There are 2 protein chains.
Amino acid sequence: MIPVINRPHFNKGTIMAIGVLATITVQEGKNEEFERIFLELTEQVRANESGNVFYALHRSKSDPQVYKVMEQYVGPAALAEHGQSDYFRQANEKLAGLVAAAPDIELLDAV
Amino acid sequence: MIPVINRPHFNKGTIMAIGVLATITVQEGKNEEFERIFLELTEQVRANESGNVFYALHRSKSDPQVYKVMEQYVGPAALAEHGQSDYFRQANEKLAGLVAAAPDIELLDAV
(Lines give C-alpha, C1' and ligand atoms only; values in the text may rest on other atoms or scores of the structure.)
Protein backbone atom coordinates (compact mmCIF):
# COMPACT_ATOMS: atom_id res chain seq x y z
CA MET A 1 0.00 0.00 0.00
CA ILE A 2 1.36 3.38 -0.97
CA PRO A 3 0.51 6.04 1.62
CA VAL A 4 -0.91 9.14 0.01
CA ILE A 5 0.49 11.97 2.08
CA ASN A 6 -0.86 14.89 0.11
CA ARG A 7 -3.36 15.30 -2.66
CA PRO A 8 -3.85 18.24 -5.00
CA HIS A 9 -6.96 20.22 -4.33
CA PHE A 10 -7.19 23.93 -4.77
CA ASN A 11 -9.80 26.61 -5.10
CA LYS A 12 -10.36 28.24 -8.44
CA GLY A 13 -9.06 31.79 -8.51
CA THR A 14 -8.49 34.57 -10.97
CA ILE A 15 -5.06 33.31 -12.00
CA MET A 16 -5.27 30.37 -14.37
CA ALA A 17 -3.36 27.30 -13.31
CA ILE A 18 -1.19 25.72 -15.99
CA GLY A 19 -0.81 22.06 -16.90
CA VAL A 20 2.27 20.64 -18.57
CA LEU A 21 2.38 17.30 -20.36
CA ALA A 22 5.96 16.38 -21.23
CA THR A 23 6.64 13.37 -23.45
CA ILE A 24 10.24 12.15 -23.26
CA THR A 25 11.79 9.33 -25.27
CA VAL A 26 14.85 7.78 -23.63
CA GLN A 27 17.72 5.92 -25.30
CA GLU A 28 17.66 2.13 -24.90
CA GLY A 29 19.78 1.03 -21.96
CA LYS A 30 19.44 4.41 -20.24
CA ASN A 31 16.09 3.89 -18.48
CA GLU A 32 17.48 3.22 -15.01
CA GLU A 33 19.78 6.24 -15.06
CA PHE A 34 17.02 8.44 -16.49
CA GLU A 35 14.53 7.40 -13.80
CA ARG A 36 17.05 7.92 -11.00
CA ILE A 37 17.91 11.45 -12.10
CA PHE A 38 14.29 12.34 -12.81
CA LEU A 39 13.10 11.12 -9.41
CA GLU A 40 15.83 13.19 -7.72
CA LEU A 41 14.52 16.19 -9.68
CA THR A 42 10.97 15.31 -8.60
CA GLU A 43 12.01 15.39 -4.95
CA GLN A 44 13.56 18.82 -5.43
CA VAL A 45 10.44 20.16 -7.15
CA ARG A 46 8.16 18.90 -4.38
CA ALA A 47 10.44 20.18 -1.65
CA ASN A 48 11.10 23.65 -3.06
CA GLU A 49 8.20 24.77 -5.25
CA SER A 50 5.09 25.83 -3.34
CA GLY A 51 3.51 26.74 -6.69
CA ASN A 52 3.83 23.22 -8.08
CA VAL A 53 0.58 21.28 -7.64
CA PHE A 54 1.82 17.93 -8.93
CA TYR A 55 4.84 16.54 -10.78
CA ALA A 56 4.53 12.90 -11.67
CA LEU A 57 6.67 10.72 -13.95
CA HIS A 58 4.99 7.85 -15.81
CA ARG A 59 6.22 5.21 -18.26
CA SER A 60 4.25 4.12 -21.32
CA LYS A 61 2.87 0.59 -21.24
CA SER A 62 3.24 0.21 -25.01
CA ASP A 63 6.78 1.61 -25.45
CA PRO A 64 9.15 1.29 -22.47
CA GLN A 65 11.39 4.04 -23.87
CA VAL A 66 8.59 6.62 -23.67
CA TYR A 67 7.83 8.58 -20.50
CA LYS A 68 5.06 11.10 -19.82
CA VAL A 69 5.35 13.67 -17.06
CA MET A 70 2.11 15.15 -15.73
CA GLU A 71 2.68 18.55 -14.13
CA GLN A 72 0.53 21.38 -12.85
CA TYR A 73 1.46 24.84 -11.54
CA VAL A 74 -0.72 27.43 -9.83
CA GLY A 75 0.15 30.08 -12.43
CA PRO A 76 2.73 31.47 -14.86
CA ALA A 77 5.05 32.69 -12.11
CA ALA A 78 5.20 29.20 -10.58
CA LEU A 79 5.98 27.65 -13.97
CA ALA A 80 8.74 30.22 -14.54
CA GLU A 81 10.18 29.51 -11.08
CA HIS A 82 10.33 25.82 -11.97
CA GLY A 83 12.18 26.38 -15.23
CA GLN A 84 14.68 28.81 -13.73
CA SER A 85 15.72 26.74 -10.72
CA ASP A 86 19.34 25.55 -10.52
CA TYR A 87 18.32 21.95 -9.82
CA PHE A 88 16.09 21.90 -12.92
CA ARG A 89 18.88 23.22 -15.12
CA GLN A 90 21.40 20.80 -13.65
CA ALA A 91 19.04 17.82 -14.06
CA ASN A 92 18.33 18.84 -17.66
CA GLU A 93 22.04 18.85 -18.46
CA LYS A 94 22.34 15.27 -17.18
CA LEU A 95 19.12 14.12 -18.87
CA ALA A 96 20.12 15.62 -22.24
CA GLY A 97 22.64 12.80 -22.71
CA LEU A 98 20.03 10.10 -22.05
CA VAL A 99 17.12 11.14 -24.25
CA ALA A 100 16.63 10.01 -27.84
CA ALA A 101 15.19 13.34 -29.03
CA ALA A 102 14.11 16.71 -27.72
CA PRO A 103 11.14 16.32 -25.31
CA ASP A 104 7.68 17.26 -26.53
CA ILE A 105 6.24 19.85 -24.13
CA GLU A 106 2.51 20.67 -24.25
CA LEU A 107 1.15 23.54 -22.18
CA LEU A 108 -2.52 23.29 -21.14
CA ASP A 109 -5.00 25.55 -19.35
CA ALA A 110 -6.22 24.02 -16.09
CA VAL A 111 -10.01 24.14 -15.83
CA MET B 1 -3.29 33.54 -6.09
CA ILE B 2 -4.74 30.07 -5.95
CA PRO B 3 -4.17 28.44 -2.57
CA VAL B 4 -2.70 24.98 -2.91
CA ILE B 5 -4.29 22.98 -0.13
CA ASN B 6 -2.81 19.60 -0.88
CA ARG B 7 -0.07 18.32 -3.11
CA PRO B 8 0.57 14.77 -4.29
CA HIS B 9 3.54 13.16 -2.66
CA PHE B 10 3.73 9.53 -1.75
CA ASN B 11 6.34 6.98 -0.88
CA LYS B 12 7.16 4.31 -3.39
CA GLY B 13 5.81 0.92 -2.37
CA THR B 14 5.39 -2.52 -3.76
CA ILE B 15 2.10 -1.72 -5.48
CA MET B 16 2.58 0.22 -8.69
CA ALA B 17 0.64 3.44 -8.93
CA ILE B 18 -1.25 4.00 -12.17
CA GLY B 19 -1.49 7.11 -14.31
CA VAL B 20 -4.39 7.83 -16.62
CA LEU B 21 -4.28 10.36 -19.45
CA ALA B 22 -7.76 10.88 -20.89
CA THR B 23 -8.18 12.95 -24.06
CA ILE B 24 -11.77 14.10 -24.61
CA THR B 25 -13.09 16.05 -27.60
CA VAL B 26 -16.26 18.02 -26.85
CA GLN B 27 -18.94 19.15 -29.30
CA GLU B 28 -18.86 22.84 -30.20
CA GLY B 29 -21.23 24.83 -28.01
CA LYS B 30 -21.09 22.24 -25.23
CA ASN B 31 -17.91 23.38 -23.45
CA GLU B 32 -19.59 25.17 -20.58
CA GLU B 33 -21.92 22.27 -19.78
CA PHE B 34 -19.07 19.77 -20.14
CA GLU B 35 -16.84 21.70 -17.75
CA ARG B 36 -19.60 22.13 -15.17
CA ILE B 37 -20.41 18.42 -15.07
CA PHE B 38 -16.75 17.40 -15.13
CA LEU B 39 -15.85 19.72 -12.24
CA GLU B 40 -18.74 18.30 -10.22
CA LEU B 41 -17.31 14.83 -10.90
CA THR B 42 -13.86 16.09 -9.88
CA GLU B 43 -15.23 17.24 -6.52
CA GLN B 44 -16.78 13.81 -5.94
CA VAL B 45 -13.55 12.03 -6.81
CA ARG B 46 -11.50 14.19 -4.46
CA ALA B 47 -14.03 13.88 -1.65
CA ASN B 48 -14.62 10.13 -1.87
CA GLU B 49 -11.55 8.38 -3.27
CA SER B 50 -8.64 8.07 -0.85
CA GLY B 51 -6.79 6.11 -3.53
CA ASN B 52 -6.92 8.94 -6.05
CA VAL B 53 -3.70 10.96 -6.01
CA PHE B 54 -4.76 13.66 -8.48
CA TYR B 55 -7.57 14.28 -10.95
CA ALA B 56 -7.14 17.41 -13.01
CA LEU B 57 -9.03 18.67 -16.07
CA HIS B 58 -7.14 20.76 -18.64
CA ARG B 59 -8.11 22.39 -21.92
CA SER B 60 -5.86 22.40 -24.99
CA LYS B 61 -4.42 25.77 -26.00
CA SER B 62 -4.45 24.84 -29.70
CA ASP B 63 -7.96 23.31 -29.94
CA PRO B 64 -10.59 24.60 -27.47
CA GLN B 65 -12.73 21.49 -28.04
CA VAL B 66 -10.00 19.18 -26.72
CA TYR B 67 -9.55 18.43 -23.02
CA LYS B 68 -6.90 16.34 -21.28
CA VAL B 69 -7.48 14.85 -17.85
CA MET B 70 -4.40 13.96 -15.82
CA GLU B 71 -5.15 11.30 -13.23
CA GLN B 72 -3.19 9.10 -10.87
CA TYR B 73 -4.28 6.28 -8.54
CA VAL B 74 -2.28 4.46 -5.88
CA GLY B 75 -2.96 1.07 -7.49
CA PRO B 76 -5.32 -1.11 -9.51
CA ALA B 77 -7.92 -1.35 -6.73
CA ALA B 78 -8.15 2.44 -6.50
CA LEU B 79 -8.61 2.73 -10.27
CA ALA B 80 -11.33 0.09 -10.18
CA GLU B 81 -13.07 1.90 -7.31
CA HIS B 82 -13.09 5.07 -9.41
CA GLY B 83 -14.64 3.39 -12.43
CA GLN B 84 -17.29 1.59 -10.43
CA SER B 85 -18.58 4.54 -8.42
CA ASP B 86 -22.17 5.66 -8.93
CA TYR B 87 -21.17 9.31 -9.42
CA PHE B 88 -18.67 8.34 -12.14
CA ARG B 89 -21.26 6.29 -14.00
CA GLN B 90 -23.87 9.04 -13.68
CA ALA B 91 -21.44 11.73 -14.86
CA ASN B 92 -20.42 9.56 -17.81
CA GLU B 93 -24.04 9.22 -18.88
CA LYS B 94 -24.39 13.02 -18.93
CA LEU B 95 -21.03 13.58 -20.62
CA ALA B 96 -21.75 11.02 -23.34
CA GLY B 97 -24.18 13.47 -24.97
CA LEU B 98 -21.60 16.27 -25.03
CA VAL B 99 -18.51 14.60 -26.49
CA ALA B 100 -17.69 14.45 -30.20
CA ALA B 101 -16.19 10.95 -30.04
CA ALA B 102 -15.29 8.23 -27.57
CA PRO B 103 -12.56 9.46 -25.20
CA ASP B 104 -9.00 8.22 -25.71
CA ILE B 105 -7.82 6.63 -22.46
CA GLU B 106 -4.12 5.88 -21.96
CA LEU B 107 -2.99 3.90 -18.92
CA LEU B 108 0.57 4.53 -17.70
CA ASP B 109 2.85 3.08 -15.04
CA ALA B 110 3.78 5.63 -12.41
CA VAL B 111 7.54 5.66 -11.80
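Does B:Gln44 qualify as being surrounded by 13 or more Cβ atoms within 10 Å (Cβ to Cβ) and either modelled with pLDDT under 95 or touching a strand residue (DSSP E or B) at 6+ places or on another chain (Cβ under 7 Å) (or both)?
No: the conditions fail for B:Gln44.
Do we find a residue being at pLDDT below 95 and under 29 Å from B:Glu35 (Cβ atoms) anywhere in region A:16-38? Please lay out each step first, then the result.
The first filter runs over region A:16-38 and keeps only residues at pLDDT below 95, leaving A:16.
Applying the additional criterion that residues be under 29 Å from B:Glu35 (Cβ atoms) yields A:16.
The answer is yes; a qualifying residue exists.
How many residues are buried (at least 17 other Cβ atoms within 10 Å of the Cβ) and free of Cβ contacts under 8 Å to residues at least 40 places away in the same chain if we restrict to region A:82-100?
Here the count works out to 1.
All but one of (1) exposed (fewer than 14 other Cβ atoms within 10 Å of the Cβ); (2) within 12 Å of another protein chain (Cβ to nearest Cβ); (3) at pLDDT 95 or above hold for A:Gly13, so report the exception by its number.
The failed condition is (3).
I'd like the residue in region A:101-111 that is away from every other protein chain (no Cβ under 14 Å) and touching a strand residue (DSSP E or B) at 6+ places or on another chain (Cβ under 8 Å) and, out of all such residues, is surrounded by the most Cβ atoms within 10 Å (Cβ to Cβ).
Once the filter is applied, the top-ranked residue is A:Pro103.
Looking at region A:26-43, is at least one residue of a type in the set (A, V, I, L, M), more than 9 Å from chain B (Cβ to nearest Cβ), more than 13 Å from B:Val111 (Cα to Cα) and free of Cβ contacts under 8 Å to residues at least 40 places away in the same chain?
Within region A:26-43 (the criterion being of a type in the set (A, V, I, L, M), more than 9 Å from chain B (Cβ to nearest Cβ), more than 13 Å from B:Val111 (Cα to Cα) and free of Cβ contacts under 8 Å to residues at least 40 places away in the same chain), the answer is no, since none of the residues qualifies.
Which condition breaks for A:Val74 when tested against (1) surrounded by fewer than 16 Cβ atoms within 10 Å (Cβ to Cβ); (2) in contact (Cβ under 8 Å) with a residue 24 or more places away in the chain; (3) out of contact with any helix residue (DSSP H, G or I) (no Cβ under 6 Å at 6 or more places or on another chain)?
(1)
Taking the condition of being closer than 21 Å to B:Glu71 by Cβ and either surrounded by 15 or more Cβ atoms within 10 Å (Cβ to Cβ) or among the aliphatic types (A, V, I, L, M) (or both), how many residues in region A:52-66 meet it?
Within region A:52-66, residues that are closer than 21 Å to B:Glu71 by Cβ and either surrounded by 15 or more Cβ atoms within 10 Å (Cβ to Cβ) or among the aliphatic types (A, V, I, L, M) (or both) number 10.
The values are calculated or read from the model by the stated rules, or taken from the named source; none is laboratory data. Small disclaimer: the values here were computed from a predicted structure and weren't measured. Counting neighbours? That spans all protein chains shown, and the Cβs are built from the backbone with ideal geometry, glycine included.
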